[in-house]
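Working notes, structure below.
What follows draws every value from the coordinates through simple rules; no lab data is involved. Note that the coordinates shown come from a computational prediction; the quantities given were computed from them, not determined experimentally. Glycine also receives a Cβ, built like all others from the backbone with ideal geometry; neighbour counts cover every protein chain displayed.
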Amino acid sequence: MKNILVTGAAGQIGSELIPVLRARYGTDNVIAGLNRTPLSSKVSNAGPSMKVDITNISDIEKAVDNFEIDYIFHMSTFLSALAENNPQGAFGVNIAGLTNVLDVAVDKKLEGVMIPSSIAVFGSGIPTEDTPNDVMLKPTTLYGIAKVYGELLGNYYFQRYGLDVRGLRLPGIVSCMDEMPTNGTTDYAVQIFYGAVQDSSYTCFLKPDTRLPMVYMPDAVKALIDLAECHTDKLVHRTDFNVTAMSFTPSDLAREIRKKIPDFVISYDIDTLRQSIADSWPSSLDDSAARLEWGWHPDYDITSMVDEMLSLVSQQLNSRPI
Ligand code: SER
């Protein structure tokens, strides 16, 4: 990898991945591809960016040509609840847009593409605890269906065209950021910290006992880069690695926050759409394939993640230190 394009640069992951890639590969060699949402200042002030609407294949071609791109981290997506509310938009971005990215990568002979998948690929008929890597995939959401399509198409492009496509199934991601994630099912696990620091309270849209696999952003970024950099000979899987660091419910997370903010109160106002999506996803994952094939191991558990999140969010909001 010499020159890297990151699509979805303004999103939850893109805005955190880019500074780490720039520190590693050089500021001018990592191009932020954005469409509608403005970039966070830590991305826009520090290096090159370009409008890349992935539903318009010529935008991707221009970015690849202008910056002599040889690797794409393809992060742009409609998250789960947004996709249910805007299926046409999700088809455009999550299916047609992803296909455009892979087609340009083949056409321009890129070194490789990273296409993150999600716990949303799983559906009914499989174990929901320690869900194995290689099981039947029957997602019930448009977001999950598009992620299965991405995994399968990535494998197909590898076999058919020799394009080095890799991907991992990210769980919910907890992070401190300028922008909140937009309408995903696991967003509560970010929002709760802002409620805790600002008002010592948070109203959660998922039920207290909804257990989902999660990872803290620094570990998610590390996973993406480690998988992209690992030697191809090590890989048995390619586009479909389970990855997880912890599993918790809203009530578990509230209990952990209360250790630092004793008067924190959580209440519940259930969003039926997001609850039904969460209920279709696993509670925990078996990520042994990722551990074995490219050495995945998370650095953060729920306690160290909560400690760091509370301190970063309070610095960001310039509020009382925790
Ligand atoms: N965080 C995503 C969502 O909630 C799951 O991959 O949609």
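Observations on the structure shown:
- Multiplying the residue separation of residue 160 and residue 85 by 0.36 nm and removing their Cα-Cα distance gives an extension gain of 23.6 nm.
- In order along the stretch 57-64, the Karplus-derived 3J(HN,Hα) couplings, from 6.51 cos²θ - 1.76 cosθ + 1.60 at θ = phi - 60°, round to 4, 5, 4, 5, 4, 4, 4, 5 Hz, and Gly and Pro are given as x.
- Using C-alpha pairs below 8 Å separated by at least 6 residues, the relative contact order for the stretch 50-183 is 28 percent.
- Each 10 Å bin from 0 upward holds the following percent of the Cα-Cα pairs of the stretch 197-289: 14, 34, 30, 16, 6, 0.
- Restraint check, 62/234; 109/138; 2/108; 51/108; 42/234; 42/109, Cα-Cα greater than 26 Å: 62/234; 109/138; 42/234; 42/109
- Length-normalised contact order for the stretch 111-265 - Cα pairs under 8 Å, 6+ apart - percent: 28
- Seen from residue 207, the other residues with C-beta closer than 11 Å to its C-beta sum to a net charge of -2, counting Lys and Arg as +1 and Asp and Glu as -1.
- The GluC sites (Glu not before Pro) of the stretch 51-149 meeting both criteria, a DSSP state outside H, G, I, E and B (loop) and at most 13 other C-beta atoms within 10 angstrom of the site's C-beta, are 68, 129.
- Label-to-label distance for residue 140 and residue 65 is 4.7 nm, based on points extended 7 Å past Cα in the beta-carbon direction.
- Tail beyond 16 Å, pair distance distribution of the stretch 180-221 (Cα, percent): 43
- Among 50, 246, 136, the largest mean-square fluctuation in a Gaussian network model of the chain (Cα springs under 10 Å) belongs to 136.
- J(HN,Hα) series, the stretch 116-129, from Karplus relation 6.51 cos²θ - 1.76 cosθ + 1.60, nearest Hz, glycine and proline x: x, 9, 7, 4, 5, 5, 8, x, 7, x, 9, x, 9, 9
- Taking 0.36 nm per residue of separation and subtracting the current Cα-Cα distance, fully stretching the chain between residue 108 and residue 42 would add 20.8 nm.
- Helix-only arithmetic for the chain: the sum of -39500 (n - 2.57) across DSSP H runs with n ≥ 4, divided by the residue total, places the mean residue ellipticity at 222 nm at -12000 deg cm²/dmol.
- Amide H contacts under 5 Å for residue 165: 113, 158, restricted to partners 5 or more places along the chain or on a different chain, H placed in the peptide plane at 1.01 Å from N.
- For the stretch 97-111, 3J(HN,Hα) per residue [Karplus equation, 6.51 cos²θ - 1.76 cosθ + 1.60, θ = phi - 60°, Hz, x = Gly/Pro]: x, 4, 4, 4, 4, 5, 5, 5, 4, 5, 4, 8, 6, 5, 5
- Among beta bridges from DSSP that stay inside the chain, the antiparallel ones total about 10%.
- Percentage of interatomic Cα-Cα distances in the chain larger than 33 Å: 21
- Rg of the Cα atoms in the stretch 46-126, relative to 2.2 N^0.38 Å, amounts to 1.22.
- Scattering profile of the stretch 124-250 at q = 0.09, 0.15 Å⁻¹ [log10 I(q)/I(0), Debye over alpha-carbon scatterers]: -0.32, -0.84
- Using C-alpha pairs under 8 Å with a sequence gap of at least 6, the mean separation divided by the residue count of the chain gives a relative contact order of 18 percent.
- Working note: Cα atoms of the stretch 78-124, range along each principal axis, descending, whole Å: 35, 23, 14.
- Degrees separating the helix 188-199 axis from the principal Cα axis of the chain, which is the longest one: 50
- Amide H partners (placed H, <5 Å) of residue 56, local residues excluded: none
- Cα pair distances in the stretch 65-104, grouped into 10 Å bins until the bin that holds the longest one, percent each: 28, 45, 21, 6
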